[in-house]
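Some notes on the structure that comes next.
Coordinate-derived values only; no laboratory data. These numbers were taken from a predicted model, which means no experiment stands behind them. For neighbour counting, all protein chains shown are included, and Cβ atoms are generated from backbone atoms with ideal geometry for every residue, glycine included.
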Amino acid sequence: MTDFEELEVAVKALSSKKAEKITALKVKDITVLANYFVIASGTSSTQVKALADEVEFQMEQKGVKLHGKDGSSNNDWIVLDYIDVIVHIFYEETRDFYQLEHLWADGEPVDVSDWDK
């Protein structure tokens, strides 16, 4: 599976659980951390965890192994590392505080609107 296909699986998984403000950035040319970042919001800590669980499930179904997972104990930010794709799932207020889109503004936005349905 290509990194772009992994990106699609992650975005569709987030969308299926009603994630808000799903954003994808191609960061391959500006960092060695990953090729793509996905940033999404949940409206509660319960939804943030459910979103992370769904991404993990869908990626596992496609044979994509989780390399690392980190997050706060209150589920206001969970990070899923799939090597080429890193998924950041935030509680909305936490996302506003950290403003990853601003931090990685040099990344190239990826149009995921067709997958976010």
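The ranking of S45, S73, S113 from fewest to most other beta carbons within 10 Å of each one's beta carbon is S73, S113, S45. Within straight-line reach of K69, meaning a Cα separation under 24 Å, sit the following lysines at least 8 residues removed in sequence or on another chain: K12, K17, K18, K21, K26, K28, K49. Counting only DSSP beta bridges whose two residues both lie in the chain, roughly 70 percent are antiparallel. Candidate values (1) 0.94; (2) 1.15; (3) 1.21 were compared with Cα Rg over 2.2 N^0.38 Å computed on the shown model; the agreeing label is (1).
Cβ-to-Cβ counts within 10 Å put Y91, Y98 in ascending order as Y98, Y91, the fewest first.
Peptide packing: for 29-41, 6-18, the average count of neighbouring Cβ atoms within 10 Å per residue gives the ranking 6-18, 29-41, highest mean first. If you build a Gaussian network model of the chain, linking Cα atoms that sit under 10 Å apart, which residue out of D70, D53, D81 swings the most? Maximum among the listed residues: D70.
Residues H67, H102 in ascending order of nearby Cβ atoms (within 10 Å, fewest first): H102, H67. Net length available on complete extension from D111 to K65 is 14.1 nm, with 0.36 nm assigned per residue and the Cα-Cα distance removed.
Over the chain, DSSP H runs of length four or greater, each weighted -39,500 (n - 2.57), average out per residue to a 222 nm ellipticity of -10500 deg cm²/dmol.
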